[in-house]
Amino acid sequence: IWSAVPAGPPDPILGVTEAFKADKDPRKINLGVGAYRDENGKPYVLNAVKQAEEILVKQNPDKEYLPITGLPEFTQAAAKLAYGSDSVPLNESRIAVTQSISGTGALRIGGAFLGRFYPHTRTIYLPVPSWGNHTPIFRDSGLEVKGYRYFDKKTVGLDFQGMKEDIKNMPEKSIVLLHACAHNPTGVDPTPEQWKELSDIIKEKSLFPFFDMAYQGFASGSTSHDAFAVRHFVSEGHQIALSQSFAKNMGLYGERVGAFSMITADPEERARVDSQLKIVIRPMYSNPPLHGARIASTILRNDELYGLWESEVAHMANRIIQMRDRLHENLVDLKTPGEWSHITKQIGMFSFTGLTQPQTKTLAEKAHIYMTADGRISMAGLNQHNIDYFSESVSKAVKG
Ligand code: PMP
């Protein structure tokens, strides 16, 4: 039956992990996958998560199905975390929110809802480049995917002029996807002033902003600081859509905890949107998983655990910032040709190093260092034990 099914290409990021696993050299480093690693290169389960799980075990809760839109305590707490406790639409019960299968699922629900109900267009514009899964998610949701300029290869920074020009040239009421903070894969974000300008342009053109917030807290160490763009757009009256993931900021990767929300005009409209979100979700997976949402809601609703979590998010973000400083310092000390200040200017989990494809190949073959072919590295894979070896290897690869 399946003789005509062609073999698909391997996933570009998970393929890096495969190559890493097959390498037997003790110095090997995997900078492909975007998952936090501690000072010893090990996966990190947050203490806030462990303590929340202990509380949950004592509560001995049942395993009944959740409602289609998930655990209400969780979705309300997630919306509060994103929009802020003083958010006007939140306090006016105008935010439709549903639990989702992490950020990917939230984007997919949003794509499907927009594909079915957004009255003006089927086109969504993504930054170039964007997270590799954005295009297939929205395409498979029935939308047409186009791009807007974002990254400037020459400065290894934001192409703000190009971005503004492309946004101004979009047809009115187009859907535009924005990374709320810690842009993946570049690590390059607009400044608060630039966000304000973008909000004005997006308003003038009546575009529909869809925020993907997969790293709240992970960029700066502060969840409210990282929510600046989302909260600014909302305060300016944009009726945004928002995808949230708790994979990175709570280290709940495999638990698949996320939320999708949309701002509506009033509670009556919210109720109609809610009813249709259920109709979108029900045939996809019926209802979401329990455990991760319980963990996240326990943390978000308990002052002590919330405080502990905030300090752990800050710790993870700061360790990454320290690694950026060390890497930059090392590359300069080693007299590595080129300009490396982008390493410390970029934020979040990733850095777009500017390394070329042949250089990344050399690093894999000669130094056992694995990253995606576009030169993106997961900063979290670096630590005090491997940072010097990594810096020296990069320096050698660049010198050729
Ligand atoms: N959006 C972006 C920009 C991401 O980087 C990621 C994770 N790599 C996601 C969404 C979704 O991840 P998850 O489904 O694990 O929450």
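We did not get these values from a lab; they are worked out from the coordinates using the rules stated. Note that this is a predicted model, so its numbers are computed, not measured. Positions of Cβ are backbone-derived with ideal geometry, glycine not excepted, and every protein chain shown enters the neighbour counts.
Here the condition is being in a helix (DSSP H, G or I), more than 16 Å from the ligand (Cβ to nearest atom) and not aromatic (Phe, Trp, Tyr); of ALA78, ALA48, ALA82, ALA106, it holds for ALA48 alone. Taking the range 109-128, which residues are away from the ligand (no atom under 15 Å from the Cβ), out of contact with any helix residue (DSSP H, G or I) (no Cβ under 6 Å at 6 or more places or on another chain) and either over 25 Å from GLU144 (Cβ atoms) or among the aliphatic types (A, V, I, L, M) (or both)? If the condition is that a residue be away from the ligand (no atom under 15 Å from the Cβ), out of contact with any helix residue (DSSP H, G or I) (no Cβ under 6 Å at 6 or more places or on another chain) and either over 25 Å from GLU144 (Cβ atoms) or among the aliphatic types (A, V, I, L, M) (or both), then LEU114 is the only one that fits. Summed over the range 179-237, the residues that are basic (Lys, Arg) and out of contact with any Gly (no Cβ under 8 Å at 6 or more places or on another chain) give a count of 2. The set of residues in the range 171-201 being within 11 Å of the ligand (Cβ to nearest atom) and among the hydroxyl-bearing types (Ser, Thr, Tyr) consists of THR186 alone.
Among the conditions (1) under 18 Å from the mean Cα position of the chain (by Cα); (2) more than 10 Å from the ligand (Cβ to nearest atom); (3) crowded, with 18+ Cβ neighbours inside 10 Å, the only one that LEU143 does not satisfy is (1). Screening ASP374 with (1) of a type outside the set (S, T, N, Q); (2) under 19 Å from LYS154 (Cβ atoms); (3) in a helix (DSSP H, G or I) gives one miss only, at (3). Taking the listed residues ALA247, ALA214, the one that is within 24 Å of ASP159 (Cα to Cα) and either touching a helix residue (DSSP H, G or I) at 6+ places or on another chain (Cβ under 8 Å) or away from the ligand (no atom under 16 Å from the Cβ) (or both) is ALA214, with no other qualifying.
Output the number of residues of the range 154-171 satisfying the condition of being exposed (fewer than 15 other Cβ atoms within 10 Å of the Cβ) and either farther than 22 Å from GLY375 by Cα or free of Cβ contacts under 8 Å to residues at least 40 places away in the same chain (or both).
6
Count of the range 268-292 residues, restricted to those that are under 21 Å from the mean Cα position of the chain (by Cα) and either of a type in the set (Asp, Glu) or under 16 Å from VAL57 (Cβ atoms) (or both), is 1.
Report, by residue number, each residue of the range 348-372 that is among the aliphatic types (A, V, I, L, M), surrounded by fewer than 24 Cβ atoms within 10 Å (Cβ to Cβ) and more than 14 Å from PHE20 (Cα to Cα). Within the range 348-372, LEU355 is the sole residue that qualifies.
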